[in-house]
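Single-structure report; data block below.
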Amino acid sequence: MDFLTLFTIYVAVVLTCIFLVCKYSGQQQSPFNVLLNHVSKVVAPFTPQWLQKFSHWVLHRLFHQRNNVFIYLHILLEGTVYAEFSYEVFGFCREMDTTLTSLSVPYVLLVIKTFFFYLCIKTDPGTVTKNKVSGPLHIYPYDRRLFHPGVSCPTCQLVKPARSKHCRVCNRCVQRFDHHCVWVNNCIGAQNTRHFLLYLFSVCAMAGDMALLTGDMLLHAVLRSGLLRATYIDEYGQQQTAGPLFVVQHLFLTFPRIVFMLGFLIFVFFLLAGYALFHSYLALVNQTSNEWYKSRGYFCQHCRPTATADHLCSPVPDHSKRHYYSRGLLRNLGEIFFPPRTVRKKDS
């Protein structure tokens, strides 16, 4: 097999794995879990006990305890991409008379992204404590589907406000809990969801702009070299015109680091763009990813027209609506970027 065929197979396998991960992520009974359990049972008798304990300890430290490993990995990947961009792409673009204004955009976006990244890490997501639980209790009504009054957190020993959840990684209850993000080593909740959204969009803009500049550089390199009009002698001694496949293979062999960087940027852009659009949708309907996951396929059975008065939930908003906490587009966005303050119930 030639280089291009092998690389095509490699890309197809990677994209298939990404599709399967996205399709089955968050499911308890997924093909990955079944395969992992099966492999563990087969390999366990041949694996030393110390290695099993060490791997279990590593996985527990990475995914079940707060740590900065993924923050360092984030910085390492970002530094590698920017080093390659600055070392090679920047110089090539200057030779092609690309303006300094265009080339400075990725660095401006890097500063903006770093600012929101820092806020995601340092901003308290809305920790609920015993001393501050009375205020969050009255921010949102209980929907009596996912959140019920009088339910206590067994770990924090406090009554859980509506839309809150106990994070096992951070070991705390978080107001309007969305999810725990390992890349920022922090929960995403009421007070930092806006920072997380802006962080996602800034990363997408950064990756997209760098990909466009890199793609434009490679395109100009091909046009200047005259490859599209070139010919070559194939393995049978016949003269062939250099087509698109030949050009792509030539780019891989001539600019390997740049091409792989471009592939990584495109992958990051589409992956995070989809994720950012998903969280934008949740913001528009005033729903968290935790609520979205729990409510999939769930329909309230207590508020049908035949239900008794004892089963009726809070009259505003209507329980028959799927998005219980939605208050309209503008109010939903306002709640994300200007989180409601804690209020105390007035004495009667």
Does any residue of the stretch 245-260 turn out to be modelled with pLDDT of 85 or more, surrounded by 16 or more Cβ atoms within 10 Å (Cβ to Cβ) and within 27 Å of the chain's Cα centre (by Cα)? yes
For the stretch 164-179, how many residues are farther than 24 Å from Arg194 by Cβ and either surrounded by 18 or more Cβ atoms within 10 Å (Cβ to Cβ) or of a type in the set (S, T, N, Q) (or both)? 1
Would a scan of the stretch 167-181 turn up a residue that is within 23 Å of Leu262 (Cα to Cα), in a loop (DSSP other than H, G, I, E, B) and among the β-branched types (Val, Ile, Thr)? no
Residue in the stretch 84-96 that is exposed (fewer than 13 other Cβ atoms within 10 Å of the Cβ), among the acidic types (Asp, Glu) and not in a helix (DSSP H, G or I) present: no
Of the residues Phe92, Phe116, Phe70, only one is in contact with a Leu (Cβ under 7 Å, 6 or more places away or on another chain) and within 23 Å of Met206 (Cα to Cα); which? Phe116
Scan the stretch 155-163 and tell me whether some residue there is closer than 28 Å to Ser202 by Cβ, touching a Lys or Arg at 6+ places or on another chain (Cβ under 6 Å) and surrounded by 14 or more Cβ atoms within 10 Å (Cβ to Cβ). yes
Answer yes if at least one residue in the stretch 118-136 is in a helix (DSSP H, G or I), in the same structural domain as Leu219 (by TED's automatic domain parsing), out of contact with any Phe, Trp or Tyr (no Cβ under 9 Å at 6 or more places or on another chain) and farther than 18 Å from Cys167 by Cα, and no otherwise. yes
Could you count how many residues in the stretch 284-301 are touching a residue at least 60 places away in the same chain (Cβ under 8 Å) and crowded, with 19+ Cβ neighbours inside 10 Å? 4
In the stretch 318-348, anything more than 25 Å from the chain's Cα centre (by Cα) and modelled with pLDDT of 90 or more is listed as Arg327, Gly328
Selected residue [under 27 Å from Asp97 (Cα atoms), surrounded by 16 or more Cβ atoms within 10 Å (Cβ to Cβ) and in contact (Cβ under 8 Å) with a residue 12 or more places away in the chain] from Val268, Val203: Val203
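The values are calculated or read from the model by the stated rules, or taken from the named source; none is laboratory data. Quick caveat, the model's predicted, so the values are computed rather than measured. When we count neighbours, we look across all protein chains shown, and the Cβ atoms used for this are built from the backbone with ideal geometry, even at glycine.
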